[in-house]
Each structure stands twice: as C-alpha cells, then as structure tokens.
Amino acid sequence: QVQLVESGGGLVQAGGSLRLSCAASGSPVRINAMAWYRQAPGKERELVATITSGGRTNYVDSVKGRFTISRDNAKNTVYLQMSSLKPEDTAVYYCNADWFPNPFSSSRVSWGQGTQVTVSS
C-alpha cells in the first residue's frame with residue numbers, strides 16, 4: 001500500500017506564495033500520474049494539476065500561470081508551487097497518486113490526508 005503525506009499548507013496573504021509537498025511511502029513497483037486536488041467549503045473536490053511519470057503537466061484554467069506542479073521520482077514526491085495566491089484558492093489541498101503494486105496488476109489510487117491553505121485578502 002502507498003501512503004501519501006502532504007505538508008506545506010498554511011495561512012498566507014493574497015499575492016503570496018506557498019509550496020506544498022506530498023511524499024509517497026511504501027513499495028510500489030511504479031507510481032504513474034500524481035495530482036493535486038482541492039476542496040473549498042461547500043464545494044466539490046476539483047482537480048488542480050496533474051503530472052505524469054514523464055513530467056507532462058496539466059492545470060485547471062484558474063491556476064494556469066500561477067501554480068507549478070513538479071515531481072522528484074527518486075523521492076516519490078510531488079510538489080505544488082503556488083504563487084500570486086488569491087482568496088478563492090483557499091481550500092484543503094489533497095495529493096493523489098496512481099500506482100502499481102506489481103507489474104501484473106491494475107493500478108490503484110491513494111489519497112493524502114489533506115493540508116489546509118488559507119489565503120487572506
């Protein structure tokens with residue numbers, strides 16, 4: 001089983017920056033795509049950014065140009081650098097990983113516990 005642990009959330013003023021980290025522990029044969037989601041109070045969880053094992057990235061329109069997702073495959077860690085933060089970015093941020101326990105099985109999905117990001121105006 002792969003466990004994901006996020007860190008780096010906190011309180012920041014509008015226009016500020018934060019860097020989230022998510023480290024995967026366990027012994028997967030391979031971690032495929034990794035992603036960041038967020039969920040604001042009263043709203044559904046939304047996909048923020050994804051990154052493949054090869055480094056290809058994708059972002060929701062609302063964060064393009066402000067957020068950057070990256071990963072260190074050697075450390076099984078994914079990052080989310082957030083800049084020019086806005087109050088509407090306030091949410092609990094979750095990381096997600098798609099991984100394979102062995103070469104013959106289908107992929108599985110793990111979620112982190114979430115980290116709170118609060119942007120004050």
Using a Cα-Cα cut-off of under 22 Å, which lysines could be cross-linked to residue 43, ignoring same-chain neighbours fewer than 8 residues away? 64, 86
Sequence-distant or interchain residues sharing an amide H contact under 5 Å with residue 32, placed H: which? 98, 99, 100
Give the accessible surface of the chain per residue, rounded to a whole number of Å², with probe radius 1.4 Å and ligands, DNA and RNA excluded. 53 Å²
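How high is the relative contact order of the chain, in percent, with contacts defined as C-alpha pairs under 8 Å that are six or more residues apart?
Numbers: 307 pairs, mean separation 44.2, N = 121.
Relative contact order comes out at 37 percent.
From the mean inverse distance of alpha carbon pairs (Kirkwood) and the Cα radius of gyration, derive Rg over Rh for the chain. Could the numbers behind the result be given before it?
Values: Rg = 14.2 Å, Rh = 14.5 Å.
Rounded to two decimals, Rg/Rh equals 0.98.
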Taking θ as phi - 60°, what are the ³J(HN,Hα) couplings along the stretch 112-121 by the Karplus curve (6.51, -1.76, 1.60), each to the nearest whole Hz, with x for Gly and Pro? x, 7, x, 9, 7, 10, 10, 10, 8, 8
Got a number for the accessible area of residue 111? Probe 1.4 Å, square angstrom, nearest 10. 110 Å²
Only bridges with both residues in the chain count here: give the DSSP antiparallel percent, nearest 5. 90 percent
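The values are calculated or read from the model by the stated rules, or taken from the named source; none is laboratory data. Worth saying up front: this structure is predicted, and the values here are computed from it rather than measured. The accessibility values were calculated without ligands, DNA or RNA, using every heavy atom of the protein model including side chains. Shrake-Rupley method; radii C 1.70, N 1.55, O 1.52, S 1.80 Å.
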